[in-house]
Amino acid sequence: MQKLLETLWSKKTSEGYAALKELLTISQSSNALYPYMENFIKKIDSDNSYFRTRALALIVANAQWDTDYKIDENIDAILAHITDVKPIPARQFIKDLPRLAKSKPDLRQHILSALRGADTLRYPLSMRPLVEGDIRKAILEIEKQD
């Protein structure tokens with residue numbers, strides 16, 4: 001497990017992505033990664049967009065195990081990545097938000113509010129419609145969970 005976590009933060013994207021895939025699989029059926037939740041939350045502030053993307057994906061994947069409300073305590077910082085500096089991490093995170101809302105129903109309205117209030121003007125015109133489309137789709141998926 002420790003080796004996978006070290007590889008997760010590799011600057012070699014293919015290695016980091018491979019580790020992420022394995023860790024996401026583990027997270028589906030086990031809370032083995034939950035003790036690292038605070039580390040994942042810290043990584044969302046990384047200058048490296050790949051690290052932010054991986055950290056956000058693991059936060060969402062481990063939300064079902066969040067018995068200590070670590071996500072709840074950091075939800076504003078986490079949801080700030082709906083409009084991440086880079087559009088690709090934002091898009092990936094937005095696509096994961098329906099799963100977060102399903103795992104953390106008490107945060108559903110907070111997530112919806114953040115999505116509805118997202119300011120996409122920071123993105124180039126070529127990316128803005130894609131991000132906005134992802135937001136609309138996430139909102140619809142979350143609303144269907146009610």
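In the chain, the calculated helix contribution to ellipticity at 222 nm averages -19500 deg cm²/dmol per residue, counting -39,500 (n - 2.57) for every DSSP H run with n ≥ 4.
Give me the percent of the accessible area of the chain that comes from carbon and sulfur atoms, probe 1.4 Å, all protein chains in place. That fraction is 51 percent.
The heavy atoms of Glu143 offer some 80 square angstrom of accessible surface to a 1.4 angstrom probe. Per residue, the convex hull spanned by the alpha carbons of the range 60-146 comes to 78 Å³.
The residues of the chain expose, per residue, 55 Å² of accessible area to a 1.4 Å probe.
A simple spin-label model places pseudo-atoms 7 Å from Cα toward Cβ; at Lys144 and Ala32 they are separated by 3.2 nm. Protein-only accessible surface at a 1.4 angstrom probe places the residues Ile139, Ile78 in the order Ile139, Ile78, largest first. Over 29 Å between Cα atoms, which of Lys42/Lys144; Lys42/Lys102; Lys11/Lys144; Lys21/Lys70 qualify? Checking Cα-Cα distances, Lys42/Lys144; Lys11/Lys144 exceed 29 Å. All other residues whose Cβ lies under 14 angstrom from that of Ser14 are scored, Lys and Arg at +1 and Asp and Glu at -1, for a net of +2. Within the shell of other residues whose beta carbon sits under 13 angstrom from the beta carbon of Asn74, the net charge comes to -3, with Lys and Arg scored +1 and Asp and Glu -1. Working note: Debye formula, equal point scatterers on the alpha-carbon atoms of the range 1-122, no solvent; log10 I(q)/I(0) at q = 0.10, 0.16 Å⁻¹ is -0.27, -0.71.
The values are calculated or read from the model by the stated rules, or taken from the named source; none is laboratory data. As the structure is a computational prediction, the values presented were derived from the model and not from experiment. All Cβ positions, even for glycine, are placed from backbone atoms using ideal geometry, and neighbour counts span all protein chains on display. The accessibility values were calculated without ligands, DNA or RNA, using every heavy atom of the protein model including side chains. Shrake-Rupley method; radii C 1.70, N 1.55, O 1.52, S 1.80 Å.
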